[in-house]
Amino acid sequence: MFRERHVFTDLSTDQRDPDDWDIGRLRTIDYLLDTRVLTYEPILSLLVVGTASGLIGLIGGPGVECSVQTPEKSPVKILQLSASTDKLLSVDERDRLHIWDLKDLTKPPKSTSFDCAINAILLSPSHTHVGAKITSILYLFQDSFQVFLALQSGEIRSYDLLCLKKSPYVIPNLWNMFQTKIASNLVDPLHASLGCNIPVDVVAHPRDLNLIFIAFGGGIILYDLSSCNILRAYELVIPAGAPGGGGYHQSDVLTHRRPCVTSVAIHPAGHFFAVGYTDGCVAFWAMEDEDQPLLVRTATDLDVNVINGEELDKFLQSPSEQEKGNRMHERQPVYKVAWCGFSNSSDPRGGATALILLGGDRSDEPYRLTVHTMPAFDSPEPPASNSDDGLHVSIRKAMRLSVIQTETTYYLASGPIHDFIPFPKSNPHFSGCWDSIALLSLTAASSESRVVEARQFPPPSFTSQPPGTNTQSTSKCDDVIHDLSATLKDMTLSVEPLPIHVHSKLYSGPGGVFYTRLLTLQRGAHDVFVGQQPTPSDTELPITGGSAWMDDKRLSELRLSKSHPRRILISCHRDFTVRFHDISPQLLISSSTSPLQKNYPCPLHDLTIDLSAALPLSGVPEVATVQVASESLECVVLLKSGDLLVYRLNTAQSNLATEAEGDRELILLDNVALRPGTRYHPFVMLPRGNVSLTCCALSDIGFIGAGYLDGSVAVIDLRGPYLLRPQRQKRQSNLLVRSQDADPVVSLTWTVAAVSMDTQLAVRLIAIHGSGKTQVFKISRDPQSSLYNLAQDVIKVEGLPNVLHEGSFVIDSQKGTLWRADRSRFAASLQIGDGNIDHCFWVMASSKGARCMLDISGERIAKAEWNNKKNKVGHVQVIERNKSRVLIAFNDKPEAMVYSLPYLEHLHTFSLANVCEKVVSVDETGDFIGTRFHKSGVLEQIIFGTLFKTRRVYNHPVVDLTSFHREIPPYPQPVSVGPPSLLGSWLRYGKPIMTGKQLDELLAGPDRPTPPPVPVQTSQQTDSSDGPSLMKTMGDARNDVYQRLNNAVAERGEMLGDIEQRLDSLQQGSKDMVAQAKRLATEQGARRWFGF
């Protein structure tokens, strides 16, 4: 220890008792990095995400976040929500169906196993209001009580969501039945190809509850639920010599091919549909014509099922190019299709549509989704004809015209796309593809993580000019000339769909977080920083489901947070963006009668800084550090390339000069194009130059310090801006600076203080080098020009070697307050007086220890080595609590070591192992940010912790997932194939349309047990005395026994039902085998086997 010359006030008197400290977590922010499936329910307005670790996250309106875990953490394969029963359905990788009650997710799920793997599920409709939605290979209806499950065996089993048991309705393997019907073709091995009888998708007809499309590997089956009959079978056969999806360079082009089905989507009118295949082609079929598709196309060619003689001759003449061409023209399968309709026409058949394709591109093309804009289906009334055979020529022609796109838009992605879902505005019908306002895609960011990306939908060209409008009309030419503003707007219309912000829990992959920092603001600065936050705009997903509020029991403690400092979470992402989130405790003030109004953390999208904008950078914009001034709110971003960027809020921006005379090293950035609404504007840039920047320091009075690798220092005066350098300082080139000789600047600190060698109160910059040598620069003002310069006299001090980047503090010797270069201190330095100068302490800390000095360049007061030498210290901070100050060092164990000020006595050591793995940012109040990284290199969890948890309410809120429920619109009715004047039901062949209630009764069967009653909560208390309480307890016990007996009887009945169904299946299988043997002995029969 150094010899003490003075006795100083102990600044840590109230922090010596360990009972005053309460270490703990306040809140955790978890990122869903391993997402595997997602779905959106428009009636409840909930987004559900399933992960590879078995975690299922539900995201709704402000503060509505909760999660459940699959048993044994099995990965999630299929997800869906049932709005009518408030159930969450999931199928895991072990093919078990799990059902949770949305009203109480704490209850364990109802789990059911099946004999075979589950490939798809379909929730059948009930009553009169039905909707639909597709997610991956999962399909559900709204307002439904029955679930269809497509098994690997080819059977379609049903499950009752009301009774939570298997239903007796079973659909056998229809593709096997189809093959049996056309036994004459069974000798063809293509019919018996592997996987042709395995269901891959199940889709309900958008306008008829009684019809479902079952997609098998071999083709599509149209099935009538009430009559249990196969109505149509659609099988695509590419004839020999036709290119198909693979083109003419494939080896089997001279043979017949039957590509396997991958997905199916129905046109909103319900008269025709699209089918994706493994060879990369899409076939469009009319429901009335199973023999020939309307059109078979790839992403670039039409009618690929038709032989092109010229192309075939070219291929036959050059067979040596076959292998090379096969590699060049390899096409991906069409993994998924979706057909979206919109409220853009008064015609009942609808207007223009959009067909979304995943896959079908060549292997050398970028990752993308393809959106084809299709014209409206406008079929004329067919002429009178006595023939009822097949589809009329005029109708077929109109259908074909409506499946040839008028425009194609590509939604580019950052990696391979695994899945996508349209995001409907509010309508659950038409497979969740009606009036979609966004397109969500699940993109692979790496082998370990996937990212959810959202884009504007439909494409801008679709909304700006609906297809089918007459753009050649000469009568409106003059309007374009007169309406110049509208013309310019159309010319500047972006063809790229705009990105839409997703929930912060979905930040992963390119949007993943790798750097975080905590910023504390006072109320006035916070109000300016946050600004007038607009209502959710087109750039945010309108997810409004559920409601959330903090526990009413802690409302009194929660109201104390009104006086707490406001906090901002700064995060840097892999997509070269810097984002800001409000994590102020005031956002959590709520109650059951006044739910949360904003998410926590609340994203501030208008403050996002995009470093990938057109900036003259010297390299990739990877962030090294970000700093924000707590009063002036300027933002400084130091890049790893050595470039320094300065941003200003547009509220503080004035008429800036276009150039800075004499400071050619600075580059003004006021002309950089930004997205409209962006509040942080780039102001000036200090490029890397010959020598790299190593650190920077931002003040609140318009000065920015910059330290270099060669030990030089520069100051940016934002008033010009001007670049200030010491007059005697010489810069060296990187080529002249050897790593062993360089003494880089490792830490910069701004302060307004006097030093022992200069008692004048002035703005000073403390520059600490790696060797410990320290320079104290003084900012002086020229009275004639009113410009600021660096004083010639530089005070040199011997400090600690390898000081931490933010390990230097200047504090008041009497009160312990930090002396920053802020507005109040700067104003005090401008006052001329001969009064006594207050003393200060300069505290510096390195990875090995700390030192405290008087008046920066004065005597050494104390020196300390860290109590735990085995673990490296990464962050230090001066903490204030109850007007006492201490120095806290955080090591990588992790531990928090507390030292007194100014004598650096070791007071306490607290373990943080139960809070976080690593502390990355600390503020003056003792709150800190901890992180946990995923193996993909991005953060999977941010922990908001504190050293003083007493009476701090940051718990996760109480969530009600079912409080928001949209009114379900009536189920769409069948429409005529012709104009609205055409009478008759072309679709249902004159039969009445089945209602949802009838269909639900059909699937549940006549022996459906009575569903358990839904408990109703009453506001009256029944436990006011011991007698009623005892009766209530006895009644609950009796009800519990009765419920257990009912469950046992139901399980016994379910097991007996399974045995009976298996016996029926064996009997049916034997009959099918006999029928097949008889048919194999007969001659070839006609293909058409339907009875109409």
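Just one residue in the set Leu211, Leu194 is at pLDDT below 80 and not β-branched (Val, Ile, Thr); that residue is Leu194.
For segment 989-996, the condition of being closer than 16 Å to Leu211 by Cβ, modelled with pLDDT of 85 or more and aliphatic (A, V, I, L, M) holds for none of the residues. In segment 751-829, counting only strands (runs of 3 or more DSSP E) that sit wholly within it, the ones holding 2 or more residues that are more than 19 Å from Val715 (Cα to Cα) and either in contact (Cβ under 8 Å) with a residue 60 or more places away in the chain or charged (D, E, K, R) (or both) span 758-769, 795-798, 803-812. When the test is whether a residue is without any contact (Cβ under 8 Å) to a residue 60 or more places away in the chain and surrounded by 18 or more Cβ atoms within 10 Å (Cβ to Cβ), Asp552 does not pass it. Considering segment 258-273, the residues that are within 30 Å of Ala240 (Cβ to Cβ) and of a type in the set (Val, Ile, Thr) include one that is farthest from the chain's Cα centre (by Cα), namely Val261. Going through segment 861-911 one residue at a time, which ones are closer than 24 Å to Ser756 by Cβ and in a strand (DSSP E or B)? Selection gives Ile861, Ala862, Lys863, Ala864, Val876, Val878, Arg885, Leu887, Tyr899, Ser900.
So in segment 908-919, with the set limited to residues that are hydrophobic (A, V, I, L, M, F, W, C) and either surrounded by fewer than 19 Cβ atoms within 10 Å (Cβ to Cβ) or within 14 Å of Ala845 (Cα to Cα) (or both), which one is modelled with the lowest pLDDT? Across segment 908-919, the extreme among qualifying residues is Ala913.
Search segment 672-687 for residues being touching a Leu at 6+ places or on another chain (Cβ under 6 Å) and not hydrophobic (A, V, I, L, M, F, W, C), and hand back the single one that is farthest from Arg648 (Cα to Cα). Filtering first and then ranking leaves Arg679. Restricting Thr128, Thr135, Thr106 to those that are modelled with pLDDT under 90 and surrounded by fewer than 21 Cβ atoms within 10 Å (Cβ to Cβ) reduces the list to Thr128. Among the residues of segment 918-937, those identified as within 21 Å of Gly807 (Cβ to Cβ) and not hydrophobic (A, V, I, L, M, F, W, C) are Lys918, Ser921, Asp923, Glu924, Thr925, Gly926, Asp927, Gly930, Thr931.
Flag: Leu194 does not match the condition of being aliphatic (A, V, I, L, M), surrounded by fewer than 24 Cβ atoms within 10 Å (Cβ to Cβ) and in contact with a Leu (Cβ under 6 Å, 6 or more places away or on another chain). Is there a residue being modelled with pLDDT under 85, surrounded by 15 or more Cβ atoms within 10 Å (Cβ to Cβ), within 30 Å of Glu65 (Cα to Cα) and out of contact with any Cys (no Cβ under 6 Å at 6 or more places or on another chain) anywhere in segment 936-951? Checked against the condition, which is being modelled with pLDDT under 85, surrounded by 15 or more Cβ atoms within 10 Å (Cβ to Cβ), within 30 Å of Glu65 (Cα to Cα) and out of contact with any Cys (no Cβ under 6 Å at 6 or more places or on another chain), segment 936-951 yields at least one hit.
Which residue pairs have Cβ atoms under 8 Å apart, sit 6 or more places apart or on different chains, and have a first residue in segment 712-730 that is modelled with pLDDT under 85 and a second that is among the hydroxyl-bearing types (Ser, Thr, Tyr)? Correct list of pairs: Gln729/Ser712; Lys730/Ser712. Looking across segment 36-61 at every residue that is in contact with a helix residue (DSSP H, G or I) (Cβ under 9 Å, 6 or more places away or on another chain) and assigned to a loop (DSSP other than H, G, I, E, B), the one that is surrounded by the most Cβ atoms within 10 Å (Cβ to Cβ) is identified as Pro42.
Just one of the numbered conditions (1) in a loop (DSSP other than H, G, I, E, B); (2) polar (S, T, N, Q); (3) at pLDDT 90 or above is not true of Thr85: (3).
Conditions (1) loosely packed, with under 15 Cβ neighbours inside 10 Å; (2) farther than 30 Å from Arg349 by Cβ; (3) modelled with pLDDT under 90, marked per residue:
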{"site": "Asp435", "(1), (2), (3)": "no, no, no"}
{"site": "Ala444", "(1), (2), (3)": "no, yes, yes"}
{"site": "Cys477", "(1), (2), (3)": "yes, yes, yes"}
{"site": "Thr520", "(1), (2), (3)": "no, yes, no"}
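Across segment 1-35, the number of residues qualifying as basic (Lys, Arg) and buried (at least 22 other Cβ atoms within 10 Å of the Cβ) comes to 0. For segment 875-904, a residue qualifies if it is under 40 Å from the mean Cα position of the chain (by Cα) and either farther than 16 Å from Gly926 by Cα or among the aromatic types (Phe, Trp, Tyr) (or both), and the qualifying residues are Phe890, Asp892, Lys893.
Checking each residue in segment 703-727 for being more than 40 Å from the chain's Cα centre (by Cα), under 16 Å from Ala821 (Cβ atoms) and in a loop (DSSP other than H, G, I, E, B) picks out only Arg719. Kindly indicate whether Asp30 is in contact with a strand residue (DSSP E or B) (Cβ under 6 Å, 6 or more places away or on another chain), touching a residue at least 40 places away in the same chain (Cβ under 8 Å) and within 24 Å of Ala444 (Cα to Cα). Judged against the criteria, Asp30 is a match. In segment 862-882, the residues that are in contact (Cβ under 8 Å) with a residue 40 or more places away in the chain and polar (S, T, N, Q) reach residues that are surrounded by fewer than 17 Cβ atoms within 10 Å (Cβ to Cβ) and in a loop (DSSP other than H, G, I, E, B) with C-beta atoms within less than 9 angstrom, at least six apart or across chains, in these pairs: Gln877/Glu924.
The values are calculated or read from the model by the stated rules, or taken from the named source; none is laboratory data. Everything numeric here is computed off the predicted structure, so don't read it as measured data. Cβ: placed from backbone, ideal geometry, glycine included. Neighbour counts: every protein chain shown.
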